[in-house]
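Here the structure is laid out as structure tokens; the discussion comes afterwards.
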Amino acid sequence: KNEVEQSPQNLTAQEGEFITINCSYSVGISALHWLQQHPGGGIVSLFMLSSGKKKHGRLIATINIQEKHSSLHITASHPRDSAVYICAVMYSGGGADGLTFGKGTHLIIQP
Amino acid sequence: NAGVTQTPKFRVLKTGQSMTLLCAQDMNHEYMYWYRQDPGMGLRLIHYSVGEGTTAKGEVPDGYNVSRLKKQNFLLGLESAAPSQTSVYFCASSFIAGGHYNEQFFGPGTRLTVL
């Protein structure tokens, strides 16, 4: 199955820092998702995008279709941003089963 | 709206026992999914359903069965539990709009331990 690679796997930063999490994939996609999972908690969809850039509060997601790469940025990071961030893609031509997930980036924001 | 709910939240089974995990959604979504999440691995699709009365296998279907008798419910069954099925199980639902698949809405998860 096609791979979704995330980097870094683990990231520890200080409160207030600008955070970047990267996601790369191997073939054409119809959509890319960014998900957030808090420790012991459920999974929440943050963004779904197929081109360009989306912003929600302090979170920004970008995608470069030609380079097969997406980034999730967090501005003015806060300890409550500590979570696992998961990238998932639906490959072009994929059906209802089409999401392929990365292994996640474990982010810790220290006060 | 409750969104996607899962029952139970935790369960401990002995090898060979059976159980059913229930997923319910109140968003009238056509698509429902069962995933498992294991340490160091991404979410993996077990089974999915594209509508009432239909189910299909995902990436890791062995040892599991599913049923979608009502649109709002998706049941995941383990007929004879094995330690390898120790995992956190997530249910999700989704919909199509404008010919495109949309975001998936996840339940809170069920932590299952098989001894």
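The values are calculated or read from the model by the stated rules, or taken from the named source; none is laboratory data. Computed from a prediction, not measured in an experiment: that's the story for all the values here. FYI the Cβ positions are ideal-geometry reconstructions off the backbone, even for glycines, and counts take in every protein chain you see. Each accessible area value is taken on the protein alone, full model and side chains, heavy atoms only, with ligands, DNA and RNA left out. Shrake-Rupley method; radii C 1.70, N 1.55, O 1.52, S 1.80 Å.
At-a-glance table
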{"item": "Some residue of the range B:90-112 being away from chain A (no Cβ under 11 Å) and of a type in the set (F, W, Y)", "result": "no"}
{"item": "Selection within the range B:30-43 - more than 8 Å from chain A (Cβ to nearest Cβ) and either open to solvent by 10 Å² or more (accessible area, probe 1.4 Å) or farther than 13 Å from B:F74 by Cα (or both)", "result": "B:E30, B:R36, B:Q37, B:D38, B:P39"}
{"item": "Selection count where residues are of a type in the set (V, I, T) and in contact (Cβ under 8 Å) with a residue 24 or more places away in the chain, scope the range B:23-63", "result": "2"}
{"item": "Members of the range B:87-115 found to be assigned to a loop (DSSP other than H, G, I, E, B), open to solvent by less than 40 Å² (accessible area, probe 1.4 Å) and within 17 Å of A:G40 (Cα to Cα), listed by number", "result": "B:G107, B:G109"}
{"item": "Set B:L76, B:L45, B:L21: member being of a type in the set (A, V, I, L, M), part of a strand (DSSP E or B) and in contact with a His (Cβ under 9 Å, 6 or more places away or on another chain)", "result": "B:L76"}
{"item": "Segments classed as strands (runs of 3 or more DSSP E), wholly inside the range A:37-103, with at least 2 members that are open to solvent by less than 30 Å² (accessible area, probe 1.4 Å) and closer than 20 Å to B:S93 by Cβ", "result": "A:43-49, A:83-91, A:99-101"}
{"item": "Boolean, B:V66 is open to solvent by less than 60 Å² (accessible area, probe 1.4 Å), without any contact (Cβ under 8 Å) to a residue 40 or more places away in the chain and either within 11 Å of another protein chain (Cβ to nearest Cβ) or in a strand (DSSP E or B) (or both)", "result": "yes"}
{"item": "Among residues of the range B:69-81, those that are open to solvent by less than 70 Å² (accessible area, probe 1.4 Å) and in contact (Cβ under 8 Å) with a residue 60 or more places away in the chain, counted", "result": "2"}
{"item": "Test set (1) open to solvent by 20 Å² or more (accessible area, probe 1.4 Å); (2) of a type in the set (S, T, N, Q); (3) at the interface with chain A (Cβ under 10 Å from one of its Cβ atoms) - B:S84 fails condition number", "result": "(3)"}
